[in-house]
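Visitor: Once you've had a glance at the structure underneath, I'll fire off some questions.
The values are calculated or read from the model by the stated rules, or taken from the named source; none is laboratory data. Since this is a predicted model, take the numbers as computed values, not measurements. Reconstructed Cβ throughout: ideal geometry from the backbone, glycine too, with neighbour counts over all protein chains shown.
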Ligand SMILES: Cc1cc2nc3c(=O)[nH]c(=O)nc-3n(C[C@H](O)[C@H](O)[C@H](O)COP(=O)(O)OP(=O)(O)OC[C@H]3O[C@@H](n4cnc5c(N)ncnc54)[C@H](O)[C@@H]3O)c2cc1C
């Protein structure tokens, strides 16, 4: 049976950014000219999310190198640290041009997306100048060490301890669900440096080297077979006090910047991966005859409406960014919307495939086809970076102003 690859997209509802968006003509021309001179064949624009165990291909590495040389990475960072100082609207312009050319514009992982906003907000000048260029050059690859076995949604309950020893902090404890720790050279971790302070106050945000530093990484296998996250055991892991961001005891505030990091720059392109996946599923349903079932047709139409809503929500976000407004807790609406949509999309894909969905492809290890992977991995994304229940609480309390639970 013909199954379309959701990462490559299908013929129905093909995505492409609209020509008539923000009038940042000069930047748009610059990106177009650069892409025309530097484009690389063999890159997939990708589905909505990379698989959890995605390993960079040679072509992807080469593409990141070209983007680095062209200064198309870390766009929002100040120029002094290698960025372009672009606001959300201009980042969207750049992303639209890459999407229009059918090319990815990758980011540099958690170092760029989660740590950098915290370092820019709370780091000293010396820390910014030391930490950010090493992320941009690829010398430092970061993972996020926040969650612990008894501290996930209730992060302030974390038990990992940091003890100051001369001009160093020595960290001991256990982290869990640490994505990408197996590839990381550094971890930004929260630890308790003042056990006598109230729970939210005695925490510190520390950058720890991973190698030869008492850090043991043990992979955890996820439902779809990927070993994308890990348990991380820290036994006397050391970092200079210069690696504490925001000062000792200030970790909660710094962590909130990381957790609230809202780039906004992909607002008008983030729906395109979902659109490609849906177009491929519609083609698959046509090929195997499931599109004749009125209930399946209705669910596909419902999915199309959701993807269109994501596009409009992106435009609205861009509108508020261009008015200088901070989207704030509205980011929770976005996260809840795409993660719950994608979980339902995975279920719909299984129903479109019918009994074929229960058959795994041949191959060593634990192979799953792209739809089975979406079905299984989309569930994890309703938990990661704040579960749906917690997002609903944020929306209820901070957006709608309802009383606290
Ligand atoms: C794929 C994946 C990748 C991850 N990567 C990382 C990473 O790189 N680094 C990192 O630090 N962490 C990571 N996490 C951890 C993630 O942040 C936590 O799983 C998440 O915050 C939930 O915490 P928990 O797993 O401890 O569940 P718990 O907090 O124990 O929650 C259990 C259940 O109770 C519900 N619940 C909890 N509190 C409330 C409440 N107040 N109101 C209503 N319901 C509530 C939750 O929604 C959930 O259903 C990852 C998780 C996943 C799934």
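Visitor: Return a yes/no flag: does the stretch 319-326 have any residue that is more than 16 Å from the ligand (Cβ to nearest atom) and in contact with a helix residue (DSSP H, G or I) (Cβ under 7 Å, 6 or more places away or on another chain).
Guide: Scanning the stretch 319-326 turns up at least one residue that is more than 16 Å from the ligand (Cβ to nearest atom) and in contact with a helix residue (DSSP H, G or I) (Cβ under 7 Å, 6 or more places away or on another chain).
Visitor: Please state which of the following conditions residue 256 fails to meet, knowing it meets all the rest: (1) part of a helix (DSSP H, G or I); (2) under 20 Å from residue 152 (Cα atoms); (3) modelled with pLDDT of 95 or more.
Guide: Unmet for residue 256, out of (1) part of a helix (DSSP H, G or I); (2) under 20 Å from residue 152 (Cα atoms); (3) modelled with pLDDT of 95 or more: (3).
Visitor: Same structure again: Out of (1) modelled with pLDDT of 90 or more; (2) assigned to a helix (DSSP H, G or I); (3) crowded, with 20+ Cβ neighbours inside 10 Å, what's the single condition that is false for residue 66?
Guide: (3)
Visitor: Can you tell me how many residues within the stretch 320-355 are over 22 Å from the mean Cα position of the chain (by Cα), over 30 Å from residue 287 (Cβ atoms) and surrounded by 14 or more Cβ atoms within 10 Å (Cβ to Cβ)?
Guide: Number satisfying all stated conditions: 1.
Visitor: Identify, by number, the condition in (1) part of a helix (DSSP H, G or I); (2) modelled with pLDDT under 90 that residue 354 doesn't meet.
Guide: (2)
Visitor: Starting from the stretch 374-385, take each residue that is at negative phi and list its partners that are within 8 Å of the ligand (Cβ to nearest atom), counting only C-beta distances under 8 angstrom and pairs at least six apart or across chains.
Guide: Cβ pairs passing all conditions: 376/222; 377/52; 377/222; 380/52; 380/222; 382/388; 384/177; 384/179.
Visitor: Among (1) in contact with a helix residue (DSSP H, G or I) (Cβ under 6 Å, 6 or more places away or on another chain); (2) part of a helix (DSSP H, G or I); (3) modelled with pLDDT under 95, which single condition is residue 91 missing?
Guide: Result: residue 91 passes all but (1).
Visitor: Does the stretch 116-129 hold any residues that are part of a helix (DSSP H, G or I) and free of Cβ contacts under 8 Å to residues at least 12 places away in the same chain, and which are they?
Guide: 125
Visitor: Quick one: residue 288 ticks every box in (1) outside the structural domain of residue 355 (by TED's automatic domain parsing); (2) over 30 Å from residue 97 (Cα atoms) except a single one, so which number is it?
Guide: (1)
Visitor: To continue, here is another question. Can you tell me how many residues in the stretch 357-405 are outside any helix (DSSP H, G or I), more than 15 Å from the ligand (Cβ to nearest atom) and surrounded by 15 or more Cβ atoms within 10 Å (Cβ to Cβ)? Lay out the reasoning, then the answer.
Guide: So in the stretch 357-405, the residues outside any helix (DSSP H, G or I) come out as 359-369, 382-387, 400-405.
Going one step further and asking which of them are more than 15 Å from the ligand (Cβ to nearest atom), we end up with 359-369, 400-401.
Cutting the leftovers down to surrounded by 15 or more Cβ atoms within 10 Å (Cβ to Cβ) gives us 368-369.
Matching residues across the stretch 357-405 total 2.
Visitor: Hey, among 195, 133, 149, which residue is farther than 17 Å from residue 254 by Cα and near the ligand (Cβ under 10 Å from one of its atoms)?
Guide: 149
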